[in-house]
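Report on the structure given below.
Each value in this text was obtained by applying a stated rule to the coordinates, not by laboratory testing. Note that the structure is a prediction, hence the values are computed from the model and not measured. When we count neighbours, we look across all protein chains shown, and the Cβ atoms used for this are built from the backbone with ideal geometry, even at glycine.
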Amino acid sequence: MVVALLMVVGLAFGGFAAAGAFNGTEQVSSNSGPAAGATATAPGASPSAAPSSNPTPTPTPTPTCNQNLVTVSASTDKAAYGPDEKPLLSLKVTNGGTMPCDVNIGTSQMEFLVTSGADRIFSSKDCQAKSEDLVKTIPPGASETANFPWAQNRTLEGCQPVASKPGRGGAYYIFTAKLGSKASPKAVFQLN
């Protein structure tokens with residue numbers, strides 16, 4: 001009875017080996033040749049020509065921030081100021097895109113500039129003690145605002161002393177907010 005059982009098992013293993021030879025597969029051990037489970041390719045066929053059961057999907061590009069949609073705007077808290085008032089100049093950075101944007105809104109990048117015609121009246125960079133970088137992530141549609149109370153004074157590059165003051169009596173001035181290479185549209189206000 002034991003002999004008959006051994007013969008049945010031997011025939012079964014022989015049948016599996018014969019079937020493997022007809023299918024073109026090669027049974028390999030982990031001691032030699034390719035890794036277990038590898039299949040042999042037909043002579044003359046390249047491995048890349050073998051059909052793949054799991055095609056690799058093409059990766060979709062990761063959306064990134066469009067810095068062209070980051071805008072800078074300028075505004076003042078009032079349209080006109082008396083002699084003892086400090087105009088509050090506001091620089092606003094807005095992300096108009098659909099992805100969050102990392103923007104350097106530090107003092108190294110921003111400038112509050114006041115002009116009158118071709119006359120450069122004031123720049124926050126002229127007497128700036130030190131400048132810093134401050135990178136913030138601005139979500140889509142969100143804004144960051146920086147305010148600067150202007151003392152209605154004149155400045156020169158290098159913070160040289162200036163004796164004259166800006167004109168009054170209804171004179172109009174233009175405030176431009178700058179952040180790096182971006183400049184805002186002009187905000188007009190009056191000094192009475």
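So, by mean Cβ neighbours within 10 angstrom, what's the order for 154-160, 122-128 with the highest one leading? Could the numbers behind the result be given before it?
Values: 154-160: 12.6, 122-128: 18.0.
By packing density, highest mean first, the sequence is 122-128, 154-160.
Suppose a student asked you for the relative contact order of the range 68-190, using Cα pairs under 8 Å spaced at least 6 residues apart; what percent would you report? Numbers along the way, then the final one.
Values: 269 pairs, mean separation 42.7, N = 123.
In percent, rounded to a whole number, it is 35.
What does the highest-first list of 102-115, 136-149 look like by mean Cβ count within 10 Å? The partial results should precede the final answer.
Working: 102-115: 18.4, 136-149: 13.5.
Top of the packing list down: 102-115, 136-149.
Can you give the alpha-carbon Rg of the range 67-187 over 2.2 N^0.38 Å, where N counts its residues? Intermediate values should be presented prior to the final figure.
Working: Rg = 15.2 Å, N = 121, 2.2 N^0.38 = 13.6 Å.
So the Cα radius of gyration is 1.11 times the expected 2.2 N^0.38 Å.
Along the charge dipole of the range 142-192, which of A177, Q190, A142 sits closest to the positive end, that is, farthest toward it, with unit charges on the beta carbon of Lys, Arg, Asp and Glu (+1, +1, -1, -1)?
Q190
About the Cα centre of the range 67-187, how large is the charge dipole given +1 on each Lys and Arg Cβ and -1 on each Asp and Glu Cβ? Please answer in debye to the nearest 20.
Values: 13 positive and 11 negative charges, 53 e Å.
Here the range 67-187 has a charge dipole of around 260 debye.
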